[in-house]
Structures are given as structure tokens and as C-alpha cells.
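Participant: Structure provided below as C-alpha cells; questions to follow.
The values are calculated or read from the model by the stated rules, or taken from the named source; none is laboratory data. Not measured: the values here are computed from a predicted model. Positions of Cβ are backbone-derived with ideal geometry, glycine not excepted, and every protein chain shown enters the neighbour counts.
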Amino acid sequence: MIRLRRTCPAALLIFSLFLFETALGASNPWQELTQTIRYRLNPGNLSVGRLDVIQGTTAILSLTDPQISVGATLAVKGNSLPGVPLSLQDNLARIQVTQISGNQARGTILPGSQKIFPGAPLFPLAHNRVYLYSNLTAPQDLPCYLDLTRALQANQIPYAVMHKAQIGAGETPGIRPLIIALEAAGSMLFCRLTDREQNIFYQNRFALGWAPPISHPAGIQFTLTSTSGSASDPEGRSFTQASGPAPGSQPAGKIELKNPYKRLVFADWDQHPGQELVLLNEQWLEIYRLDDQPKLVPLGRFRLPYNDAIPLHLHAGDFNHNGRDELYVTLGRPKTVDNKKDTALYSLIVENQGTKIALLGKDYPYYFRVLELRDGKRVLLAQEMGAFKQYQVPIHWGGFFQGRFSVRNQFRQARDVFSIYNFTLNPFNENQLLIIDEQGNLAGFNAESSEMLVSCDQHFGAFDETIYLQKLAKTVYEGGFSITKTAEIRYAARRFVMRNSYGRQSFLIKKERVVNPGLVDKGIGLIIDDKIKYDQIIGVQWQAGEMRESWRSPRFPRDIVDFGFTQKENQEVMVVLTRNQNGKYALELLN
């Protein structure tokens, strides 16, 4: 962790004699500081390329910076502010770089982007880890403090206010936090810009003419301390904790599977102690008890009523309040509409009725999800598919009313979220959401204003395990009139789950291995440049204005398809569904 350490105020005062004193009445006393920050966040504020070609959500780029790599996210700048440098113009869109060849690149235009045109300049996204610390008791009452916050906002510098004596460590290599320390000592105000290694990039002092009340003596330094199992070593502890010493997450067994599967979930399927494992593929729901050896003991299975089912998602919860969990099975079925390939939702609710496994109702035109709220309560959500969109907002509550399933009011906490599966609630703030887009970019948003507040430095890759087709509103002609496109490929979303009981972390799959269904059986495309690709489960937290990795699983040289949580021998266990390059599936246990 990064902690605050006090030094002698006298030492600070002697040190300050070498500082240049600036009058707070100057027209822009914070200009030098903001310029220094912007330089550190984006050295030189220089364009790294331009936008050449746009086709749908695909963009072809010309790059001028050789340091841009695959996975980088670039901002497309506008020119609506006359006389303003390009680096300070509004960001119109974000483009994820997916391929690079020489000085040309291919990228994907990310959701939420505005209309853009060829020739637009490209810039790196600003760094999001700037911290503002002050020893003032009421900094908001000091005009110069307010001027500083306005200057940061005017220069498009995201920052987080530090209220505590520590901030999270464990940044991605190469990404370093910058800390603005604004401290009063007597009638003087000292400001410096530093990092966790004590490098000082800016320092100044200001005469206040009066002594504002302070909460701590001036002279605090930021030092990096390392403890076993701390946030700087997220792989060195159990997934059940996000910080503090704990045993490492180690393999606890592996079960080879005879058949392929797409989803798993743990459910209170019967009224016996413990949870049961449910596996889903294109034909069956299969229920097992996870034995101690470990091995699977079959308890029953349910044949899906469709021969053409596409398994999209699987969740479990007791929402008809009979003491047993129902299974919420999101299924797609291919169809043809106006000579265009399409998919319709035929989702199922499956229940254990003691002597048999049966459907509750027939089928439902919804994506289903069971979501954990900030207080630990679980709720059922439902979302429709749009006519030409993968998800039709808004997201609604679901449940059983007078013995029958129905969809009720809008789930207001995620009113502007595009997908029922791509968000979790931030357990540390009731008005914040973590959202991952289809390209694997994770960010934090204000739930009311939909404003992006912070972004995660990691890229989680595109999750393309299960595909289905959705018709286009208009036929696209890609090769004169000889090659046409009438449908868009859609992908079933990865599991993204927040668990209060596991250190209030959100877990998701980090995908490095590229899935190509036509090559999976041959094991082709998984080794590039003699480097094996790995998948991983990552835990993340968003606190104090920072989204950081809080836990990571061992790296799997196999595809991670899904994962879930249960208890085995009174110990928490994570169960990971994997597939090797030969197309063989397995359950791998971590504790």
C-alpha cells in the first residue's frame, strides 16, 4: 500500500526557502502545475496518428508513434473549439487498436462514440490516476483550492480527492500515479507534484496572509510499503479477499469432462446441504454434486426442448420462494426473416419439482441475469433483444407475482447500460457502475449522468466464445452487388459478477486467447510469435477514484469459458470451465 509519513515541519519550511513564491492573486497561478501534469500524463500532448477510413464500426488508422501497440485505446479529436489546440479539443470517439501493420492499423470504434470523419487526429487517452491530497480541514472553503480544482477540470485532467492516509498500489507496469500535495503551514501554502518514488516534478509556495485550520501537520510524504498478500501481489492470496495476508489461490483439483459445455452455475437445487453444479450445452442441462475427490456425481439432467438451441447464459436463484433455486437459461434459436439470418430468444425457467425437472411456463423472449446488489441481496433482471440491436434497453426487474413469472419496472440503477450482462454495481458507492464493453474495455460510470469517471488500465480482450446472428436493417453491399451482408455476428457476454462476500470484488475473464470456432479442434491460432496465449480470471475494485486489479488467478494456457463459486469441505472454491487446444473441456478448481 502507499501510506503517508509525516516529516518535520521545520524541515519542510527550510526546504521551502528554495521554492519560488507565487502570488495567489496572479491570473493563473496553477498554469505551470497543470502543464506539468499534462506533460506527465501524455508527454508532449502530440498526435499519434490520424483516421483514414471508416466502415461501420471498423476504422483504418495511420500511426506516427511507433509505441502504439495492439490493445491501445485512442481518442478521436474534434475541432469545435476555435483557436484551441488539438490536444484540448473534445474527444468525439474512442478507437481500440486491434491490428498493426507497419504504420497502419485497424481498430474498432467503441460504443458511445459520436460521428467522426476521415482525417481526424488521434491522441492517447489521458491518464486517470491523479490524486489531490490536502491537510486543510475545510479545503473547499479556500478559494485557491477551488481554483486548483477548476484548473484541473478545465484542462481535462481527471483526479481523485484523497481523504484517507493511503491509496491503492498495484498499478499496471509503466502506469504511475501522480499526487498533488497541497499543504498549509502557518500562513503559507505549499504545493508539490510527486509520485510514489518521491520524484518531485513541480513545487511552489504561496503566501495566504492567514493560517487556515489543518487536520495534519505539513510535510507528509508518500512512501510505498509492501506486505505479503497486499494489493501489489494480487496473485498471492485467496480470491475471497482483496487485501491483507491470505493463503494463495492454488489449484485444488481438475475434472476432465467428456462433453463440451458453454456455461456453469452453482445452485441450491434440492433441500440437502450444499450447492449443486449445473452445466449447460446445446442439448442438456446437467446437474451434479461436486464430490470431495474431486469428482462429479450425476443427480439428473434436462433435455432442452429445441434441437437448434444456442446457449447464451445461465443463472440460478430462488425467486418463486419455494426454498430451491430455479435455473434461468438464456437460449437463442436461429431463424430467417426476409431472407436474412436472425436469432430469437427462447429462454427457459427450469425447476426441480422433487420427482421431476420441469419448466415454469413455456419460453420467454428475454435475456436473464441474477445480480447481486450492494447489500448482498440477489435480484432477477430481464432484458429484451432489439429488432436490429443485440440488447434493447431498458433493463427490467423480473420475478414471480401471484405464482406466475412477469417482468415489472425498469431497473433504474442501470437505466442507460446497453447490456444486462456487462455491468456490476460498485459496492463502495451507491451511484457508480462498472461497465465492460464488447471489446474488453472496463470503465467506471456515474449511474445518474452516465459520465465516465475512471477507466481501467487493463484490457480484458474480446470474449467471442458463443456467436449468433442478428439481421441488419438494410443489406450492406461489400463487393459491388456480388457480395452482400444481411446479418451481424453477435457474441454471448462473458460472466461479470460482483461478490460482497469475497472482498467486495468484481470478477471477470481476461481473454488473451483468440477463439476461432473453425480452428479450435485443430489448435490453430493460439500460439503467435512462439508465445503461448493465456486466459485469466481477474478481480477488480473501484475505490478512491481508482479502478485497480485486486486479485488474479493463475494464468491458464487454455480457454476460460465460464466460472463460478461454491463451498467444498467448508472452504470457498472457484470452479473454472476450460477448453484446451484439442477441444477437450475440464473443470479446474481454485481455493
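Participant: Within the stretch 160-178, count every residue that is crowded, with 19+ Cβ neighbours inside 10 Å and modelled with pLDDT of 75 or more.
Facilitator: 1
Participant: Inspect the stretch 120-134 for any residue being at pLDDT below 90, farther than 27 Å from Phe460 by Cβ and polar (S, T, N, Q) and give the result as yes or no.
Facilitator: yes
Participant: Filter the stretch 339-386 for residues that are β-branched (Val, Ile, Thr) and surrounded by 13 or more Cβ atoms within 10 Å (Cβ to Cβ); which is nearest to the chain's Cα centre (by Cα)?
Facilitator: My answer is Val370.
Participant: Further question on the same structure: Does the stretch 449-487 hold any residues that are free of Cβ contacts under 8 Å to residues at least 40 places away in the same chain, within 22 Å of Thr343 (Cα to Cα) and either touching a Cys at 6+ places or on another chain (Cβ under 9 Å) or not β-branched (Val, Ile, Thr) (or both), and which are they?
Facilitator: Listed by number, the residues that qualify are Lys474, Tyr477, Lys485.
Participant: Here are Leu433, Leu331, Leu348: which of them is under 30 Å from Trp542 (Cα atoms), touching a residue at least 12 places away in the same chain (Cβ under 8 Å) and part of a strand (DSSP E or B)?
Facilitator: Exactly one residue qualifies, and that residue is Leu433.
Participant: Same structure again: Inspect the stretch 468-490 for any residue being under 29 Å from Leu331 (Cα atoms) and in a loop (DSSP other than H, G, I, E, B) and give the result as yes or no. Outline the logic, then answer.
Facilitator: If we filter the stretch 468-490 for residues that are under 29 Å from Leu331 (Cα atoms), which is where we start, we get 468-476, 484-490.
From what's left, in a loop (DSSP other than H, G, I, E, B): none.
No.
Participant: Just give me the residues in the stretch 383-404 being at pLDDT below 90 and not hydrophobic (A, V, I, L, M, F, W, C), in sequence order.
Facilitator: Selection gives Gln402, Gly403.
Participant: Going by the conditions given, is Tyr491 touching a strand residue (DSSP E or B) at 6+ places or on another chain (Cβ under 8 Å) and surrounded by 14 or more Cβ atoms within 10 Å (Cβ to Cβ)?
Facilitator: yes
Participant: For the stretch 405-418, what are the residues that are buried (at least 19 other Cβ atoms within 10 Å of the Cβ), part of a loop (DSSP other than H, G, I, E, B) and at pLDDT below 95?
Facilitator: Val417, Phe418
Participant: What tally of residues in the stretch 55-79 results from selecting those that are under 15 Å from Gly119 (Cα atoms) and either in a loop (DSSP other than H, G, I, E, B) or among the small types (Gly, Ala, Ser) (or both)?
Facilitator: Counting residues in the stretch 55-79 that are under 15 Å from Gly119 (Cα atoms) and either in a loop (DSSP other than H, G, I, E, B) or among the small types (Gly, Ala, Ser) (or both) gives 6.
Participant: Next question, about the same structure. When you scan the stretch 390-404, how many residues do you find that are without any contact (Cβ under 8 Å) to a residue 12 or more places away in the chain and within 24 Å of the chain's Cα centre (by Cα)?
Facilitator: 1
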